[in-house]
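Beneath this line is the structure, given in structure tokens, with notes to follow.
The values are calculated or read from the model by the stated rules, or taken from the named source; none is laboratory data. This is a predicted model, so every value here is computed, not measured. Glycine also receives a Cβ, built like all others from the backbone with ideal geometry; neighbour counts cover every protein chain displayed. For accessibility, only protein heavy atoms count, side chains too; no ligands or nucleic acids. Shrake-Rupley method; radii C 1.70, N 1.55, O 1.52, S 1.80 Å.
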Amino acid sequence: MKILIADDEPVSRRMLQRLLMKWGYEVVSVTDGKAAWEQLSGSDAPRIALLDWMMPGQNGVDVCREMRSHRPEPYTYILLLTAKDAKESVVEGLEAGADDYLTKPFHPQELKARLRVGIRLLNLEDTLVEAREAMRFKATHDALTGVWNRGTILETLDREITRSRRERASLGVLIGDVDHFKSVNDIYGHLTGDDVLREVTRRMQASVRPYDAVGRYGGEEFLVLLPGCDAAETAAKAEQLRAGIAQQPMETPSGPLRITISLGGVANANWPDNNANQLLQMIDAALYRAKEEGRNRVVMAGAAEHEEAHQPALEFSSPGPEKK
């Protein structure tokens, strides 16, 4: 555990430093509030700070207020060292954001005990943060493949459409559907099917840029967002994704399987007024064409798909042919 000492009195500072090092702590020592704030706001900041109340420039209470107003993570446990023992002074320090205080002069064993309390609280804080992040991940990611789930990728699509209009840039959107996936499940079992989906995901992520987004859109369908890509660039990226999945068999518990994917795509620069649902309808129609034309191919949506996406929905419509 790294501990910061901020004290302008050299004898007190050296005594504290020797004591903490004897107890096995890593110690960072500074002489004023400004240097203390720089240490606490930097990367790899100390998790515990012993701040003298009275220091030149920013005092210990000022540093507390600065820390709590910025609320950096992970949490820093702050213990104020003060010669003031009046109740109003103690209240001021605690309201500024200090977690505890010690009145000088203090007994070393009391400091040791209070540091242990601080470490227990920091460990509890770390556990809560880990639990929060795990829940956040589960809420936004697909459990099988680890990419964005349907709800999150659709929210991201809405945001990217808004941004592309604001910045007058094109957004490429793809839907990829694993070919004959039902047969994989029927012949080799669902565990093998799960392995195939995980490997398809891995290959897709290896082919996109860090700021592109990949999400599981449905069972074996994936939605890919390509900010800044026009129609030609979107088609080229789709072809790269298709080739990356088709060129090498996938190793599974059932043996190597050759898997392919069909993709439909669109670039919204050609259809700037279309909303997310209309773009997805266009892509879906293009994907259906890719399946009809033999699978393992890319089809970009055009004027015909645009017109179809703007036709009024029929109240009673028979289901279309299956893509698989």
Meets criteria (within 30 Å of residue 69 (Cα to Cα), open to solvent by 40 Å² or more (accessible area, probe 1.4 Å) and in contact with a Pro (Cβ under 7 Å, 6 or more places away or on another chain)) for residue 99: no
Given the options 19, 79, 50, 40, name the one that is more than 34 Å from the chain's Cα centre (by Cα) and not charged (D, E, K, R). 19
Output the number of residues of the stretch 277-287 satisfying the condition of being more than 28 Å from the chain's Cα centre (by Cα) and open to solvent by less than 10 Å² (accessible area, probe 1.4 Å). 3
Which residue, of 153, 161, 175, is buried (at least 19 other Cβ atoms within 10 Å of the Cβ) and farther than 21 Å from residue 206 by Cα? 161
Residue tally, condition open to solvent by 10 Å² or more (accessible area, probe 1.4 Å), closer than 17 Å to residue 209 by Cβ and either under 26 Å from the mean Cα position of the chain (by Cα) or hydroxyl-bearing (Ser, Thr, Tyr) (or both), over the stretch 230-270: 3
Residue 238: out of contact with any Asp or Glu (no Cβ under 6 Å at 6 or more places or on another chain), under 14 Å from residue 261 (Cα atoms) and hydrophobic (A, V, I, L, M, F, W, C), yes or no? yes
What pairs come up if the first residue lies in the stretch 109-125 and is touching a residue at least 24 places away in the same chain (Cβ under 8 Å), the second is part of a helix (DSSP H, G or I) and open to solvent by 90 Å² or more (accessible area, probe 1.4 Å), and their beta carbons are under 7 Å apart, counting only those six or more places apart or on different chains? none
When residues of the stretch 150-207 are filtered for being closer than 27 Å to residue 274 by Cα and of a type in the set (A, V, I, L, M), how many remain? 11
Consider residue 274 carefully, then state whether it is of a type in the set (S, T, N, Q), closer than 22 Å to residue 240 by Cβ and open to solvent by less than 20 Å² (accessible area, probe 1.4 Å). no
Only residues that are hydroxyl-bearing (Ser, Thr, Tyr) and part of a helix (DSSP H, G or I): list them for the stretch 74-102, please. 89
